[in-house]
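Q: Next up is a structure, given as C-alpha cells.
The values are calculated or read from the model by the stated rules, or taken from the named source; none is laboratory data. Treat the numbers as computed from the prediction; the structure is a model and nothing was measured. Heads up, the Cβs are rebuilt from the backbone with ideal geometry, glycines too, and the neighbour counts pull from every protein chain shown.
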Amino acid sequence: MNALTFLETIGFNQGMVYVWESWEFSYRDSEIKLSKYTDDYYTWEIESDRYDPLLAAKELNLEPFTKEDYRKAIDWENQNIHQLYSFALVNKLLNDLWPQNSFS
C-alpha cells in the first residue's frame with residue numbers, strides 16, 4: 001500500500017486492477033502459464049526462445065488467438081473481470097486474500 005501511496009502522490013491514480021492465480025509448467029523448452037481469473041474463466045500462454053510456441057500449442061491441442069481475437073479477449077476481460085483502480089479497492093482485495101495481514 002506504501003507503493004500505491006507513492007504512485008498516487010506522483011500522479012498515477014488511474015488504471016485497472018487485475019487479480020488472478022497462475023500455474024507455470026515446462027514443456028519442450030517452453031514455459032506454459034495457465035491463469036485463473038474467475039471460477040469459470042481461464043487463459044493460457046506459451047513463451048519460448050527455443051521452441052515454436054505455435055507448434056507447442058498444436059501439440060497440446062490448444063488454439064492460439066489471432067491478434068484480433070486477443071484484442072477482443074482483453075476488451076471482454078476489462079469489461080467483465082478486471083476492475084477500475086482505486087486505492088480502497090486494492091486495500092479490500094489484499095485484505096480479502098490475506099486477512100491475517102494488515103494492508104491498511
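Q: Please go through the range 59-104 and pick out each residue that is of a type in the set (D, E, K, R) and closer than 30 Å to Tyr27 by Cβ.
A: Glu59, Glu63, Lys67, Glu68, Asp69, Arg71, Lys72, Asp75, Glu77
Q: Mind checking whether some residue in the range 40-54 is modelled with pLDDT of 95 or more, out of contact with any Cys (no Cβ under 6 Å at 6 or more places or on another chain), under 25 Å from Asn95 (Cα atoms) and loosely packed, with under 10 Cβ neighbours inside 10 Å?
A: Scanning the range 40-54, I find at least one residue that is modelled with pLDDT of 95 or more, out of contact with any Cys (no Cβ under 6 Å at 6 or more places or on another chain), under 25 Å from Asn95 (Cα atoms) and loosely packed, with under 10 Cβ neighbours inside 10 Å, so the answer is yes.
Q: Could you list, in sequence order, the residues of the range 4-29 that are of a type in the set (Ser, Thr, Tyr) and either touching a strand residue (DSSP E or B) at 6+ places or on another chain (Cβ under 6 Å) or over 22 Å from Trp76 (Cβ atoms) (or both)?
A: Within the range 4-29, Thr5, Thr9, Ser22, Ser26, Tyr27 meet the criteria.
Q: Test Phe6 against the stated conditions and say whether it is without any contact (Cβ under 8 Å) to a residue 40 or more places away in the chain, part of a loop (DSSP other than H, G, I, E, B) and closer than 30 Å to Tyr85 by Cα.
A: No, not satisfied.
Q: Helices (runs of 4 or more DSSP H) wholly in the range 23-104 with at least 2 residues that are under 19 Å from the mean Cα position of the chain (by Cα) - which ones?
A: Here the list reads 67-80, 87-97.
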